[in-house]
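The values are calculated or read from the model by the stated rules, or taken from the named source; none is laboratory data. For clarity, every value in this text was computed on a predicted model and none was experimentally measured. Neighbour counts are summed over all protein chains in view; Cβ atoms, including those assigned to glycine, are modelled from backbone coordinates with ideal geometry. Remember, those area values only see protein heavy atoms, side chains included, never the ligands or the DNA or RNA. Shrake-Rupley method; radii C 1.70, N 1.55, O 1.52, S 1.80 Å.
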Amino acid sequence: MQIELTTEQKNAQATFRAFVDEEIIPFTNEYDQQQSTPKKIIEKLAKKGYLGALVPKEHGGDAIDIITYGLLNEEIGRGCSSLRSLLTVHNMVTHALLKWGSKSQKQYWIPKLATGEVIAAFGLSEPNVGSDAKSVETTAKLAGDSYVLNGQKKWITYGQIADIFLVFGLCEGKPSAFLVEKDSPGLSIKPIVGMLGVKASMLAELHLVDCRIPQENLVGRLGFGFSYVASTALDYGRYSVAWGCIGIAQACLEACIQYTSQRQQFGVYLKEHQLIRQMITNMIVNVKAARLLCYQAGYLKNIGHPNSLIETSIAKYFASTMATQVANDAVQIHGANGCSSEYSVERYLRDAKIMEIIEGSTQIQQMTIAEYGYQEYIFPGDRLAISQQLVTRI
C-alpha cells in the first residue's frame with residue numbers, strides 16, 4: 001500500500017492546490033448562488049489538462065497515475081464540489097469509452113474529451129429509478145441503421161451544457177449503453193434548479209422521444225450496459241467522490257482552525273475550549289483515515305487487484321459519511337455565522353450531504369460492504385468472483 005507520496009505526486013498536488021486557491025475558491029460561493037458554472041472556468045480546467053487527466057497520451061491526455069488523479073479530485077473538491085462533479089462525470093464517460101468503446105468511438109471521441117472540446121455527462125438515473133439501475137424504463141429499439149430511444153433521465157450532472165451523454169436503457173430486454181449527442185433528433189433537455197447542494201453542477205432532465213442515434217453509437221455489446229459499462233464508470237465515479245469528500249472535509253478543517261484562532265468567547269479564543277479541541281481532533285483524525293482508505297483503493301487500482309472495487313466502495317462510504325459529520329461540526333463551531341452564506345461552511349454541509357447520495361448511497365454501500373464481508377467469510381479467497389457479483393449494485 002502506498003502511504004507516502006512520491007516527489008512527482010507532491011509537486012502535482014502543490015500545482016493543483018495553487019490552481020484551486022487562485023482560480024476557484026474566490027468565486028465558488030458566487031457559482032453556488034447563481035446555480036451555474038461559468039464557461040471560462042471549465043475552459044481553464046481543460047487548458048490545464050484536468051479533463052483528460054487519466055487519458056493515455058496517445059489519445060491526447062496527460063496519463064497521470066490514479067493516486068495523482070485522486071489528489072486532483074481532493075483539491076478541486078476542496079474548492080468547489082460542483083466543479084469536482086464535472087471532473088467526475090466527464091471522466092466516468094471517458095474511462096468507460098476507453099475500456100468498452102469501439103475502435104472508431106475511441107479514435108473520434110477520446111481526443112475531444114481529453115481536451116475538453118467535448119463535455120460528457122452520465123445518463124443512468126431516471127425519475128423512478130435510482131439505485132435499482134436494472135429497472136430502468138428507458139428503451140432502445142434497432143430500426144434500420146439506427147437505434148431509437150424512448151425514456152427520461154433525471155439528475156444528470158452538467159446535463160445543461162454537455163455535448164454528449166452516455167445513456168443506459170433496455171434493448172431487446174438487455175441492459176445496454178449508448179452515446180447520445182445533444183443535437184440528436186428527439187432529445188430535449190430541461191434544466192433542474194433549486195437543489196440542496198452542488199448547486200452549480202447544472203443538473204438536467206433528458207427527454208428522449210423517438211430519439212434516433214446511429215447504430216454505431218452502441219457502447220460495447222447489447223447486455224453490457226450495467227455489469228460492464230456502468231460498473232466501470234461508477235467505480236471511477238466513487239473513487240472521485242471519495243477523494244472529493246476529503247476535499248470538503250479538509251476545507252472545513254482549515255476554515256475551523258482559522259475561525260477558532262480568531263473568534264473569542266468568554267474571554268479566550270475558541271480554540272482554547274476543550275470541546276472545540278475535541279471536535280478539531282476528530283476532524284483531523286477522520287480526514288487522515290479517509291485519505292488512507294483512498295490511497296489503498298488507488299494503490300489496488302494501480303496494480304489491477306480485484307479488491308479495488310470493494311475497497312473503493314469502502315473509501316466512498318467512509319469518506320462521504322465522514323465529510324457530512326465534519327461539515328456538520330464545522331457549522332456548529334461557526335454558530336450563527338455557519339448558517340450564513342457569508343461563510344463557506346454552510347455550503348460545505350449542503351454539498352457533503354449530496355456526497356452520501358450520489359454514485360451509490362450510504363445505504364447501498366453498507367449493503368455491498370456487509371455482503372462482501374459475509375461472502376468473503378463463507379468463500380475465503382474467491383475475491384474476484386465476490387467483487388464481480390457486487391459491482392452490479394449502483
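General observations
- Among the residues of the stretch 84-112, those that are assigned to a helix (DSSP H, G or I), closer than 28 Å to Asp210 by Cβ and of a type in the set (S, T, N, Q) comprise Ser104, Gln105.
- Among residues of the stretch 113-134, those that are buried (at least 18 other Cβ atoms within 10 Å of the Cβ) and part of a helix (DSSP H, G or I), counted: 3
- Residue within the stretch 272-282 that is buried (at least 17 other Cβ atoms within 10 Å of the Cβ), assigned to a helix (DSSP H, G or I) and of a type outside the set (A, V, I, L, M) present: no
- Just one of (1) at pLDDT 95 or above; (2) more than 26 Å from Gln325 (Cβ to Cβ); (3) not hydrophobic (A, V, I, L, M, F, W, C) fails for Gly237. It is (2).
- Hits in the stretch 204-223 (condition: closer than 25 Å to Leu51 by Cβ and open to solvent by 20 Å² or more (accessible area, probe 1.4 Å)): Glu205, Pro214, Glu216, Leu218, Gly220
- Some residue of the stretch 214-223 being over 24 Å from Asn128 (Cα atoms), of a type in the set (Gly, Ala, Ser) and in contact (Cβ under 8 Å) with a residue 40 or more places away in the chain: yes
- Top-ranked residue of the stretch 142-194 - restricted to ones that are crowded, with 21+ Cβ neighbours inside 10 Å and of a type in the set (Phe, Trp, Tyr), ranked as farthest from Glu205 (Cα to Cα): Tyr147
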